[in-house]
Amino acid sequence: MDYPQTINEINQEWFLKRVALDKKEISYISDKETFRTRLVGFMTSSYYKRSQLIKEGDILFAYSFKEWTNEVRKEVFDYPTWIIFSPEKKINENPVILKEIAEKVQALCDDSPASKEEKNIKKLVTEYLSDCSYVEIPSSLTGGELAYLSIIYRHLNQNSEFHLGLNLIIANHSLSSEVIYLPEKYWNESFKKAYLNNELI
């Protein structure tokens, strides 16, 4: 796949789509369609910034490298996932870098951290009840590139075909510290086809 062209096309298409989103669609993307989901996180600042994030955020590649649920049938429940992403153009045009960073982060979980920052990353990845957003990954694991770790939920009603690997997120740190998955109904056709056929990195 031509990743530079793909991420550029996705953002161009999203720019046109987001200006025409109605309240119902924003509610859907925000995961606020039901009474139960409207209550989740309602006391956090990110909850109230989510609509703005959707209207003004960018689409970035994210590498999802871990998921967790204590349910036997994970396909019927929402659950947390661990992702690595970057706002840098260089990385979004070559997301293999995200995969390489994810591999180093996972390897760290079996090693002794060399610094306080690495120890913190290991803790966030190994403890199932961790919660974090925009935690900068130490340069020792990124080769000097800017990359972040966040834990975000995969929502069944939005991403029924979700699997680990390359995914699409809505993010903009200047707007919100929250990161959310772009629902699959808004993917462009080339990405969707490659994703469903496991043709991505």
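Things to note:
- Scan of region 140-154 for residues that are out of contact with any Leu (no Cβ under 7 Å at 6 or more places or on another chain), part of a strand (DSSP E or B) and either closer than 15 Å to residue 171 by Cβ or of a type in the set (Asp, Glu) (or both), ordered by number: 148, 150, 151, 152, 153
- Given (1) farther than 23 Å from residue 2 by Cα; (2) in a loop (DSSP other than H, G, I, E, B), index of the condition residue 198 fails: (1)
- Close pairs from region 4-21: first over 15 Å from residue 192 (Cα atoms), partner among the basic types (Lys, Arg) and surrounded by fewer than 16 Cβ atoms within 10 Å (Cβ to Cβ), Cβ under 9 Å, at least 6 apart: 4/89; 18/55; 19/55; 21/55
- Checking each residue in region 111-139 for being in a helix (DSSP H, G or I) and either of a type outside the set (Asp, Glu) or in contact (Cβ under 8 Å) with a residue 60 or more places away in the chain (or both) picks out 116, 119, 120, 121, 122, 123, 124, 125, 126, 139.
- Of all residues in region 98-139, those satisfying the criterion of being more than 19 Å from the chain's Cα centre (by Cα) and hydrophobic (A, V, I, L, M, F, W, C) are 107, 108, 109, 114.
- Subset of region 119-143 [on the phi > 0 side of the Ramachandran plot and either surrounded by 14 or more Cβ atoms within 10 Å (Cβ to Cβ) or modelled with pLDDT under 95 (or both)]: 134
- Checking each residue in region 46-75 for being aliphatic (A, V, I, L, M) and either modelled with pLDDT under 95 or at positive phi (or both) picks out only 72.
- Boolean, residue 65 is under 21 Å from residue 156 (Cβ atoms) and surrounded by fewer than 16 Cβ atoms within 10 Å (Cβ to Cβ): no
- Test result for residue 37, polar (S, T, N, Q), closer than 20 Å to residue 185 by Cβ, modelled with pLDDT of 95 or more and surrounded by 12 or more Cβ atoms within 10 Å (Cβ to Cβ): no
The values are calculated or read from the model by the stated rules, or taken from the named source; none is laboratory data. Every value quoted in this text rests on a predicted model; they were computed, and no experiment measured them. Cβ sites come from the backbone with ideal geometry, for glycine too, and all protein chains shown count toward neighbours.
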